[in-house]
Amino acid sequence: MTKDRATSRTSPRHRTSPRRRTAPRHRLGYGSAAAVFAVGMAGTTLPTPLYGLYRAELGFSELTVTLVFASYAAGVILTLLLLGDHSDRAGRRPVLLAALLFGAASAVCFLLESGLPQLYAGRVFSGFSAGLLSGAGTVTVLELAAPGQRSRAGFAATAANMGGLGCGPLLAGFLAEYAPAPLILPFVVHLVLLGAACAVVLLLPETVPEPRPWTRPVPLGLSVPPEVRGVFVPAAVAAFAGFSLMGLFTAVAPSFLVETLGERNLAVCGLVVFAVFLASTLGQALTDRVPAGTALPLGCLVLVAGLLLVGASLWMASLALLIGGGVCGGLGQGLAFRAGLTAVGAAAPAAHRAATVSSFFVVAYLGIAVPVIGVGALAMALDLRDAGLIFTGCAILVATATGLWLWRRRTETVAALPDNPAP
C-alpha cells in the first residue's frame with residue numbers, strides 16, 4: 001500500500017497537476033499587465049479628436065486647448081513627484097487599481113461636462129492616472145516576465161504605453177465621426193474597458209514581496225540613485241526631445257488639420273495621431289537591432305527629419321507631409337525612448353526602480369507640456385500655422401543639439417550600462 005501511494009504521487013498525472021494550478025498565473029503574466037497598461041493610457045488621449053467639438057460648444061481659444069492639455073501633464077508630473085515610488089511599498093496591484101479608478105473619474109467628468117471646469121478636472125484626473133501607470137505599469141510588466149522573456153517584456157511595456165496613447169484618439173475619432181453622441185459614447189466605451197482592466201488587475205500576481213497597501217505615501221521628488229545618473233541624463237534628454245513632438249500631435253494637431261489643412265473628418269484626425277504613436281511603437285521594436293550607444297542619438301536625428309517634414313507640411317499645407325513627418329518623428333522618438341527606458345530600468349536598483357522610472361517620465365512629460373503651451377501662446381499673437389513653424393524650428397534645434405551631444409557621449413553611455421541592459 002505504501003509503495004502504491006508513493007507510485008501514485010510520482011505518476012505523470014500527479015506530476016502535471018501543479019502545472020495546471022500554475023497555468024492561470026502564467027496566462028495572467030506580463031502580457032495581461034501590458035493590456036491593462038494600454039487600456040489605462042488610452043483614456044489619457046481619448047479627448048484629442050474631440051477638442052474641436054468642445055471649442056465649438058464652449059467657444060474657447062487655442063491657448064485654452066493647450067492649457068487644458070497642460071493640466072493633464074501637470075497631473076502626471078505631480079503624481080510622479082509625490083507618488084513615484086509608492087508602488088515599491090504599497091504593491092503594484094493597489095497602485096494599478098488606483099490609476100484605473102482615476103481614469104474612470106476622468107471619463108465621468110467628460111460625461112458630465114457642462115463647461116471648462118469639468119474639462120480641466122477630467123484632464124487632471126487623467127494625469128493622475130497616467131502618472132501612476134507610467135511607473136507602476138512599466139515595472140509590473142517587467143517584473144512579471146520570466147528571465148528569458150525580459151527583452152520582450154521591455155518592448156511590451158513601452159509598446160503598451162505608446163500603443164495605448166495611440167489607440168485613444170483612434171477610438172474616439174471613429175466613434176465621434178460615425179456613431180451617435182460623439183461627446184458621450186467614447187467615454188462610455190472606455191469605462192467598460194476600464195472595468196475589464198480592473199478585473200484583470202485583481203487576478204495578477206503581486207510582485208512586491210511584502211506589500212503594504214495602506215502605507216502613507218512618502219514624497220521623494222525626483223529620485224535618481226547616483227549609480228544610475230550616467231545612464232539617466234542622456235536617456236532623459238532624448239525623451240524630452242521626443243515627447244515634445246508627441247505633445248504637438250496630441251494637443252495641437254487637430255487644430256492644424258482643421259485650420260491649416262482644411263481636414264474636418266474626426267476619424268482622419270484620430271488616424272493621424274494613431275500613426276505617430278504606431279510609428280513610435282515600431283521604433284521601439286527596432287531598438288534591439290541597434291547598438292545601445294547608437295539608438296539614443298540615432299533616434300534624435302530621425303526625429304529631426306520628422307520635424308523637418310512637419311514644418312514643410314505646414315508651409316505647403318500638405319496632409320501627406322504632415323503624416324510622413326509624424327511617422328518619421330514617431331519612429332525616432334520610439335527608438336530613443338525604448339533605448340533610454342530599458343537602460344534606466346536595468347541600471348536602477350530593484351528597491352528604487354519605480355522611483356527612477358517615474359523620474360524618467362517626469363522629464364519626458366515636461367517635454368510634452370512646455371512646448372505645447374508655447375504654441376498655444378504664440379497662436380494668440382500669430383496664426384496657428386506660424387506658431388507651428390516656430391515650434392518646429394525650435395524643436396529641430398533642440399533635437400539636433402541633443403542628438404549630436406549624445407553621439408559624442410555614446411561611448412560613456414555604453415560604459416555606464418549594466419552587462420545586460422534589457423529589463
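Can you compute the charge dipole magnitude of the chain about its Cα centre, using +1 on each Lys and Arg Cβ and -1 on each Asp and Glu Cβ, nothing else charged? Give it in debye, rounded to the nearest 20. The partial results should precede the final answer.
Details: 28 positive and 18 negative charges, 437 e Å.
It comes to approximately 2100 debye.
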Next on the checklist: Between R216 and W405, what is the label-point separation in nm under the 7 Å Cα-to-beta-carbon projection?
Outcome noted: 3.9
Checklist outcome for this item: Rounded to the nearest 10 degrees, the helix 30-45 long axis (Cα) sits at an angle to the longest Cα principal axis of the chain of 20
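Provide Rg over Rh for the stretch 150-267; use the alpha carbon set for both Rg and the Kirkwood Rh (inverse mean inverse pair distance). Display every interim value, and only then the final one.
Numbers: Rg = 19.7 Å, Rh = 18.6 Å.
Using Cα coordinates only, the ratio equals 1.06.
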Item to check | the chain, relative contact order [Cα under 8 Å, separation at least 6], % | outcome: 24
Next on the checklist: If you fit an axis through the alpha-carbon atoms of helix 353-381 and take the longest principal axis of the Cα set of the chain, what angle between them do you get, 0 to 90°, nearest 10?
Outcome noted: 10
Checklist outcome for this item: The simple spin-label model distance between A377 and A351, using points 7 Å out along Cα→Cβ, in nm, is 4.2
Item to check | Quotient of Cα Rg and 2.2 N^0.38 Å for the chain, N being how many residues it contains | outcome: 1.01
Checklist entry - Over the stretch 316-357, what lengths in whole Å, largest first, do the semi-axes of the equivalent ellipsoid take, defined as the square roots of 5 times the eigenvalues of the alpha-carbon gyration tensor? => result 35, 8, 5
Next on the checklist: Based on alpha-carbon centroids, what's the gap between the stretch 102-118 and the stretch 263-340 in Å, whole number please?
Outcome noted: 31
Checklist entry - Which of A285, L322, V268 sits farthest toward the positive end of the charge dipole of the stretch 226-366, with +1 on the Cβ of Lys and Arg and -1 on the Cβ of Asp and Glu? => result A285
Next on the checklist: Suppose each label sits 7 Å from its Cα in the direction of the beta carbon; what would the I184-W315 distance come out to in nanometres?
Outcome noted: 4.7
Item to check | Ranked by how many other beta carbons lie within 10 Å on average, peptides 147-154, 48-55 from highest | outcome: 48-55, 147-154
Checklist outcome for this item: So the angle from the long Cα axis of helix 384-408 to the longest Cα principal axis of the chain, reported in degrees to the nearest 10, equals 50
Next on the checklist: Place a point 7 Å from Cα of N265 in the direction of its Cβ. Which residues in the stretch 168-210 have their backbone N less than 12 Å from it?
Outcome noted: 174, 177-178
Checklist entry - What chymotrypsin sites (Phe, Trp or Tyr not before Pro) does the stretch 153-215 have in DSSP loop regions with at most 14 other beta carbons within 10 Å? => result W214
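Counting Lys and Arg as +1 and Asp and Glu as -1, each charge on the Cβ, what is the dipole of the stretch 189-326 about the Cα centre in debye, to the nearest 20? Numbers along the way, then the final one.
Numbers: 5 positive and 6 negative charges, 22 e Å.
The dipole magnitude comes to about 100 debye.
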Checklist outcome for this item: To the nearest 0.05, the calculated FRET efficiency linking R152 and L112 through their beta-carbon distance, R0 being 35 Å, is 0.30
Checklist entry - Quick one: Cα centre-to-centre distance for the stretch 168-195 and the stretch 45-66, in angstrom? => result 16
Checklist entry - Picking from F174, P47, G154, whose Cα lies most toward the positive end of the charge dipole for the chain (charges on Cβ: Lys, Arg +1; Asp, Glu -1)? => result G154
Next on the checklist: Considering all alpha-carbon pairs of the stretch 236-386, what whole percent are spaced by more than 19 angstrom?
Outcome noted: 53
Checklist entry - Zone of S61 (label point 7 Å along Cα→Cβ, backbone N under 19 Å): which residues in the stretch 348-382? => result 370-382
Next on the checklist: From the phi angles alone, apply the Karplus equation (6.51, -1.76, 1.60; θ = phi - 60°) to the stretch 325-340 and give each ³J(HN,Hα) in whole Hz, x where the residue is Gly or Pro.
Outcome noted: x, x, 5, 5, x, x, 4, x, 4, x, 4, 6, 5, 5, 4, x
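Throughout, read-outs are computed from the coordinates displayed, never taken from laboratory work. Given the structure is predicted, the values throughout are model-derived calculations rather than measurements. Every residue, glycine as well, gets a Cβ built from its backbone with ideal geometry; the counts of neighbours run over all protein chains shown.
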